[in-house]
Amino acid sequence: DTAVSQTPKYLVTQMGNDKSIKCEQNLGHDTMYWYKQDSKKFLKIMFSYNNKELIINETVPNRFSPKSPDKAHLNLHINSLELGDSAVYFCASSEGQGDEQYFGPGTRLTVT
Amino acid sequence: EDQVTQSPEALRLQEGESSSLNCSYTVSGLRGLFWYRQDPGKGPEFLFTLYSAGEEKEKERLKATLTKKESFLHITAPKPEDSATYLCAVHRGATNKLIFGTGTLLAVQP
């Protein structure tokens, strides 16, 4: 059983398009996260939700909009994609804030 | 400013050659230090959490230790399957977020 799953695994799109990445966790965790990993493998938090409520919103362009329809899902919608958005995006979840986080397999986004 | 620095950036070992990876941090209000392993094309996999100076955790060939300024991940008699990027992250309670280091890429040759 996959604990944290993301779809799609790969996403190739052109500048200016809008795309979404979906994340689901079956661990029963209360907190979910989105991270961006750049080409140098640096992982940076973008957003965090606790029980569907936004608790962390880093300095991310407002073209990025997370949505949590329920505790088990956290989706990421990106408008007007730019070349600099190319990266690997990871979803993660934890039982509570500050607990160990469990990561999904990642979505490699390539903007051309 | 909160900072996490890992060294070395890359490490190549022969199978059986023990070594240590370092994670030094400057953060106020540390609530926990986490070690993760990341294989190519996969998400980080949780290894350990350390909460206070002097604490140690072990798992197979890995042992993590924590002081007030740094953490070490000791690898004893590594095998090729231990090859991966090892990431360290600190949790600062006031912000409730993890701050990651840039990782150490470990290659263990048979």
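The values are calculated or read from the model by the stated rules, or taken from the named source; none is laboratory data. What you see is a predicted model, and the numbers here were worked out from it, not measured in a lab. Here the Cβ is made from the backbone with ideal geometry for all residues, glycine too, and neighbour counts use every protein chain on show. All accessible areas refer to the heavy atoms of the entire protein, side chains included, with ligands and DNA or RNA removed. Shrake-Rupley method; radii C 1.70, N 1.55, O 1.52, S 1.80 Å.
Looking at residue B:42, is it of a type outside the set (Gly, Ala, Ser) and in a loop (DSSP other than H, G, I, E, B)? Can you show your working first?
Details: of a type outside the set (Gly, Ala, Ser): yes; in a loop (DSSP other than H, G, I, E, B): yes.
Judged against the criteria, residue B:42 is a match.
Of all residues in region A:84-111, those satisfying the criterion of being of a type in the set (Phe, Trp, Tyr) and either touching a Gly at 6+ places or on another chain (Cβ under 8 Å) or more than 13 Å from residue B:43 (Cβ to Cβ) (or both) are A:89, A:90, A:103.
Listed conditions (1) touching a residue at least 40 places away in the same chain (Cβ under 8 Å); (2) open to solvent by less than 60 Å² (accessible area, probe 1.4 Å); (3) under 23 Å from residue A:98 (Cβ atoms) are all met by residue B:69, apart from (2). When region A:8-35 is filtered for residues that are open to solvent by 60 Å² or more (accessible area, probe 1.4 Å) and under 16 Å from residue A:110 (Cβ atoms), the ones remaining, listed by number, are A:9, A:10, A:12, A:14, A:15, A:17, A:18, A:19.
Which members of region B:20-39 meet the condition of being among the hydroxyl-bearing types (Ser, Thr, Tyr) and crowded, with 18+ Cβ neighbours inside 10 Å?
Restricting attention to region B:20-39, the residues satisfying the condition of being among the hydroxyl-bearing types (Ser, Thr, Tyr) are B:20, B:24-26, B:28, B:36.
If the condition is that a residue be among the hydroxyl-bearing types (Ser, Thr, Tyr) and crowded, with 18+ Cβ neighbours inside 10 Å, then B:25, B:36 are the ones that fit.
Among the candidates B:105, B:21, B:47, B:33, single out the residue that is more than 14 Å from chain A (Cβ to nearest Cβ), aliphatic (A, V, I, L, M) and assigned to a strand (DSSP E or B). Answer to the check: B:21. Residue B:84 meets all of the listed conditions (1) more than 14 Å from chain A (Cβ to nearest Cβ); (2) open to solvent by less than 10 Å² (accessible area, probe 1.4 Å); (3) within 22 Å of residue A:94 (Cβ to Cβ) but one, namely (1).
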